[in-house]
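Novice: Dropping the structure in here first, questions after.
The values are calculated or read from the model by the stated rules, or taken from the named source; none is laboratory data. Given the structure is predicted, the values throughout are model-derived calculations rather than measurements. Glycine also receives a Cβ, built like all others from the backbone with ideal geometry; neighbour counts cover every protein chain displayed. Ligands, DNA and RNA are excluded from the accessible area calculation, which covers all protein heavy atoms including side chains. Shrake-Rupley method; radii C 1.70, N 1.55, O 1.52, S 1.80 Å.
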Amino acid sequence: MPVLYDRVALIGLGLIAGSMAHAMRRGNLAGEIVGTARSAETRAIAQEIGLCDRVVDTAAEAVEGADLVVLAVPVGAMGAVAREIAPHLKPGATVTDVGSVKRAVISAVDPHIPEGVHFIPGHPLAGTEHSGPRSGYAELFDNRWCLLVPSGNADVGAIDRLRALWEGMGAHVDLMDADHHDLVLAVTSHAPHLIAYTMVGVADDLRRVTDSEVIKYSAAGFRDFTRIAASDPTMWRDVFLTNKDATLEILGRFTEELFALQRAIRSGDGELLFDYFTRTRAIRRGIIEAGQDTDAPDFGRAKAR
Ligand code: NAP
């Protein structure tokens, strides 16, 4: 694969940007990777482990001469970063982001993008509960989807090049409208995370069952919830604050279904429960058949570092 961008600037050096750096190197997709992060500590670690070719102190410095700029900070920080880098962007450059919510990022970033710079928002549907500069790995995006949500008048050549980058990093790429993205992700990611946070919170509150019992006798269902509920608090706070409407819509429906299942349990309606669980089992089979998970006992998580 030929080099797609001579210089890539990564703003934020956590799980996603770090994985991009490794994956771009694996595929020889970038001439030079320049990175920066908010704290001196993260920048020092990135330097020490050689995450980028160059680590610089500020976002403004990082984007100088960059052909591609990737905003890989929490959703709530995207607007401030865009404001800082705007005067330093190279004409003709592409700016993208990896934020988990799209409409709010577009509203925060787009007004700062100068004429002649292409803004193509994106979201790789891949992650783990780990964060920070040491958490990334080259295979994170392999066989995962990356959704790009360009505006109607975005430059086709710039979209194609960004698509080629994500494909070179192992992902499949789809284009999607921002509002639709936010609704789909509320169903597949945001509401499930909130439910996991709640379930782990309930276990934590339930004093009749001791903390040590919760940990010692942790069964598979609860263990999976705790993995999800260990995700980065800043990132997830921002997701819920910025994808408010879609998440509340899905949680409303979730609450109704939960009441229906509660009623079935109370009234002993085994048929309803059986039919419901049969329907949900088919969705799981669909995900495995689509290659988006494995039915190995550890769900393939041994690979996820
Ligand atoms: P991460 O590992 O926590 O890294 C976040 C990076 O952003 C760090 O380098 C941090 O710098 C920097 N940062 C934090 N707050 C900032 C601020 N206010 N201003 C400037 N920089 C700031 O996060 P991540 O998991 O890579 O997530 C990055 C983005 O990807 C988020 O928008 C998230 O929604 C999205 N995303 C995450 C996942 C996932 O599963 N984790 C999946 C898909 C998309 P310091 O280290 O110096 O604090």
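Novice: For the chain, with the dipole built from +1 on Lys and Arg beta-carbon atoms and -1 on Asp and Glu ones, taken about the Cα centre, which of MET176, VAL117, THR226 lies farthest toward the positive end?
Specialist: The one lying farthest along the dipole's positive direction is THR226.
Novice: Determine the distance separating the Cα centre of the stretch 220-267 from the Cα centre of the stretch 58-92; give it in Å without decimals.
Specialist: Taking the Cα centre of the stretch 58-92 as reference, the centre of the stretch 220-267 is 33 Å away.
Novice: May I pose another question? Using a 1.4 Å probe, what is the accessible area per residue for the chain, in Å²?
Specialist: Here the per-residue accessible area is 53 Å².
Novice: Ok, one more. Quote the FRET efficiency, to the nearest 0.05, computed for GLU61 versus THR278 with a Förster distance R0 of 45 Å and r equal to the Cβ-Cβ distance.
Specialist: The computed FRET efficiency comes out at 0.20.
Novice: Here is a further query. Pop out the Kirkwood hydrodynamic radius of the stretch 50-124 from its pairwise C-alpha distances, inverse of mean 1/r, in Å to one decimal.
Specialist: For the stretch 50-124, the Kirkwood estimate is 12.4 Å.
Novice: Expressed as an acute angle from 0 to 90° and rounded to the nearest 10, what is the orientation of the C-alpha long axis of helix 244-267 relative to the principal long axis of the chain?
Specialist: Between helix and principal axis, roughly 20 degrees.
Novice: With θ set to phi - 60° and the Karplus curve 6.51 cos²θ - 1.76 cosθ + 1.60, what are the ³J(HN,Hα) couplings of the stretch 210-222 in order, to the nearest whole Hz, using x for Gly and Pro?
Specialist: For the stretch 210-222, the Karplus-derived couplings read 6, 4, 5, 5, 4, 6, 5, 9, 3, 8, 3, x, 5 Hz, x marking Gly and Pro.
Novice: OK, next. If you plug each phi of the stretch 48-62 into the Karplus form 6.51 cos²θ - 1.76 cosθ + 1.60 with θ = phi - 60°, what whole-Hz ³J(HN,Hα) values come out, in order, with x for Gly and Pro?
Specialist: 3J(HN,Hα) across the stretch 48-62, in whole Hz: 4, 8, x, 4, 10, 6, 9, 10, 10, 7, 10, 5, 4, 5, 5.
Novice: So what are the three principal axis dimensions of the stretch 54-98 from its Cα atoms, in whole Å, longest to shortest?
Specialist: Computed over the Cα atoms, the extents are 26, 22, 17 Å.
Novice: Please list, by residue number, everything in the stretch 143-171 whose backbone N is under 13 Å from a paramagnetic label point 7 Å out along Cα→Cβ of ALA290.
Specialist: Within reach of a label on ALA290: 144-147.
Novice: Let me ask something else about it. Mind checking the full-extension length gain between ARG237 and ALA219? Use 0.36 nm per residue of separation minus the Cα-Cα distance, one decimal, nm.
Specialist: 3.8 nm
Novice: Under the rule of at least 5 residues apart or a separate chain, name every residue whose amide H is placed under 5 Å from the amide H of PHE119.
Specialist: Answer set, sorted by chain and number: VAL95.
Novice: May I ask you to give the average projected area over all directions of the convex hull of the Cα atoms of the chain, in nm² rounded to one decimal?
Specialist: 17.4
Novice: So what's the stretch 114-195 giving for Rg/Rh, alpha carbon basis, Kirkwood Rh from the mean inverse pair distance?
Specialist: Result for the stretch 114-195 is an Rg/Rh of 1.00.
Novice: Name the residues whose placed amide hydrogens come within less than 5 Å of the amide hydrogen of HIS172, ignoring near sequence neighbours (fewer than 5 apart) on the same chain.
Specialist: ASN143, ARG144, TRP145, CYS146
Novice: Please pull out the direction-averaged projected area of the stretch 180-268, using the convex hull of its alpha-carbon atoms, in nm² to one decimal place.
Specialist: 7.1
Novice: Note down the relative contact order for the chain as a percent, whole number, built from C-alpha pairs under 8 angstrom at least six residues apart.
Specialist: 16
Novice: Which three extents, in angstrom, do the Cα atoms of the stretch 18-92 have along their principal axes, listed largest first?
Specialist: Each principal axis gives a Cα extent; for the stretch 18-92 these are 31, 30, 20 Å.
Novice: Mean 1/r over all different Cα pairs, inverted: what Kirkwood radius does the stretch 66-209 give, in Å?
Specialist: 16.5
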